[in-house]
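A quick write-up on the structure given underneath.
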Amino acid sequence: MADSFDVIVIGGGPAGYPAAIRAGQNKLTVACIDEWKNRDGSPAFGGTCLNAGCIPSKALLESSELFHRALHEFATHGLKLEGVGFDVATMQKRKAAIVRQSTQGILTLFKGAGVTPLTGHGRLLAGRKVEVTGHDGAKRVLEARHVVLASGSEPTPLRGVAFDGERIVDSWGALEFTEVPKRLCVIGAGVIGLELGSVWRRLGAETVILEALEQFLPIADGQVAKEAARHFKKQGLDIRLGAKVAGAEIRPDGIHVSYTDAKGAQALIVDRLVVAIGRRPFTTDLLGEGTGVTLDERGFIKVDDHCRTAAPDVWAVGDCVRGPMLAHKGKEEGVTVADRIAGLYGEVNYRTIPSVIYTAPEIAWVGQTEEQVKAAGRPYKTGSFPFAASGRARAMEAGAGFCKIVADAATDEILGIHVIGPMAGELIAEAVLAMEYSASTEDLQRTIHAHPTLSEAMHEAALAADKRAIDIPNR
Ligand code: FAD
Ligand code: AMP
């Protein structure tokens, strides 16, 4: 194997592996180093997203949602199912197979693009040298014209709550439960906490989510958060706001979780505790002496708008740099950097990164919330369309939620689109494209949407922004 490459990528998650593939497509010689090891000790590319994040969580969300619907919705369709039950072992096996297929697929893609995969730890040294320590401990030093750091993130631990890997776990542990906990507590009502809480709640766990903030889901549009809270409550998710967790202790009768809220000190006894209070950049032993790469006060690798670090020809992408910790944000940064290295054009539009929460109803948005537009003092208008008025949604027994558009009152430019409802994560793609092209609500109004589809909700919301909706009364 060569010991000199045009590009070396450290980290093979959704930021690093696309960077490597695009570099290969650009006819550059490239190696991608990844140290991920699964619980059975086997190495796997794909990082957090494929092994312990996006993909396994969506597999379990799908299985648990199907069970929930079989129990609570099928009868409405006139479907009679007897003895509906589930087997966690089969669910987990299915999930593991999906993960394996995805992670092994990366190696096939690498082969196709001419990427050299290396398993082990990568450490940047001065002068764009990279020390690789294989899982067997063997070390070698490689050289590169460009290095892309894509070392990702790790769960933020909570002081006073020690992981034991079985009963007190992080998000990865919560995706590996082999049985449904009777009493579950999730700390943190962020995206990950809500998704994991939903999985186990649907399968029958009494689920309490403790959230330090007084406001529920402040990252989402206020109306969306309100609607979501209503549905989650109905589903039996016990979300306690203003609840700051102080510590947890494993005792014979369960895990004692202590927290404080407006009423003072509180306690809760549960069988499993999931800490989902956010993620922090992971850069452990990534940077040797004199690399010139700098970190900010929160531990993120400092980069400019084009993902350039302070060191020449060293780039950084994904969760280890500023911006939302999302797989698609990292992927876009990765391919953009690989294009720039090849002398091609590349730019990430940070204003149009969609967010999705895969709960039921699903939540997705792009751009600014109504609150953000209001706070900016910009004159605006909004248009909303409830899925209850969508023929397709009603036929799907999925009339909960709405689609909402926020637009500039003077120019009609779309500033944000917010969806809570069926397939919100798929519907938002149209909104992202619209905003990418700086569309106006009129552009969406004049775009033909197939009938009957869920996407008509977006069309009608755009019409509603000018009080011209057809399928709902305009107010
Ligand atoms: P990572 O995926 O963390 O990958 C980094 C890789 O680099 C890892 O394999 C790591 O082992 C390796 N590495 C680190 N340092 C070194 C080194 N020095 N040498 C060699 N290898 C190294 N995002 C979404 O967009 N959609 C979702 O639905 C979603 N769901 C999620 C659900 C959960 C439960 C979690 C935990 C996260 C979820 N995320 C989701 C977030 C998403 O997983 C991350 O944003 C994404 O994985 C970041 O990609 P990355 O490549 O920057 O880092
Ligand atoms: P996210 O960053 O989207 O994954 O969300 C993590 C959530 O955890 C945030 O809403 C935080 O407010 C919340 N959080 C952080 N620390 C605590 C704590 N000690 N107790 C309860 N919730 C917390």
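Table for the structure above
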read-out: Rounded to 5, percent antiparallel among DSSP beta bridges of the chain; value: 60
read-out: Distance in nm between pseudo-label sites at residue 178 and residue 39 (7 Å out along the Cβ direction from Cα); value: 0.8
read-out: Segments 66-79, 23-36 sorted - mean Cβ within 10 Å per residue, highest first; value: 23-36, 66-79
read-out: Region 22-77: equivalent-ellipsoid semi-axes (sqrt of 5 x gyration tensor eigenvalues, Cα, Å); value: 38, 16, 6
read-out: Among 386, 287, 70 the positive-end extreme of the charge dipole of the chain (Cβ point charges); value: 70
read-out: Protection proxy ranking, peptides 196-202, 39-45, average beta carbon neighbours within 10 Å, highest first; value: 196-202, 39-45
read-out: Peptides ranked, highest mean first, by Cβ atoms within 10 Å: ranges 367-379, 388-400; value: 388-400, 367-379
read-out: Where Rh is the Kirkwood radius over Cα pairs, Rg/Rh for region 1-123; value: 1.18
read-out: Pair residue 471, residue 263: separation of 7 Å Cα→Cβ label points (nm); value: 4.4
read-out: Surface per residue (accessible, 1.4 Å probe) for the chain, Å²; value: 46
read-out: Range of Cα positions in region 168-277 per principal axis (Å), largest first; value: 42, 32, 22
read-out: Lys, Arg +1 and Asp, Glu -1 on Cβ, resulting dipole of region 353-464 about Cα centre, debye, nearest 20; value: 220
read-out: Dipole moment magnitude, nearest 20 debye, region 168-277 about Cα centre, only Lys, Arg, Asp, Glu C-beta charged; value: 340
read-out: Extension gain (nm, one decimal) between residue 76 and residue 438, 0.36 nm per residue minus Cα-Cα; value: 126.1 nm
read-out: Whole-Å distance, taken between Cα centres, linking region 321-382 and region 136-152; value: 29
read-out: Share of carbon and sulfur in the accessible heavy-atom surface of the chain [1.4 Å probe, %]; value: 53
read-out: DSSP beta bridges in region 168-277 [antiparallel fraction, %, rounded to 5]; value: 50
read-out: 17 Å tail of the calculated P(r), region 264-322, as % of Cα pairs; value: 51
read-out: Within the chain, helix-based [θ] at 222 nm, where runs of 4 or more DSSP H residues each add -39,500 (n - 2.57), nearest 500; value: -9000 deg cm²/dmol
read-out: DSSP H segments from the chain that extend 20 Å or more along their own axis, Cα-based, with Kyte-Doolittle mean of -1.0 or above; value: 54-72, 88-113, 327-341
read-out: Region 353-464 - Rg and Dmax from Cα coordinates, angstrom; value: 13.0, 40
read-out: Rh (Kirkwood; distinct C-alpha pairs) - the chain, Å; value: 24.0
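The values are calculated or read from the model by the stated rules, or taken from the named source; none is laboratory data. On a predicted model such as this, the values are computed, not experimentally measured, just so you know. Because the Cβ atoms are built from the backbone with ideal geometry, glycine has one as well, and the counts that use them run over all protein chains shown. Accessible surface is based on the protein model in full, side chains and every heavy atom, while ligands, DNA and RNA are left aside. Shrake-Rupley method; radii C 1.70, N 1.55, O 1.52, S 1.80 Å.
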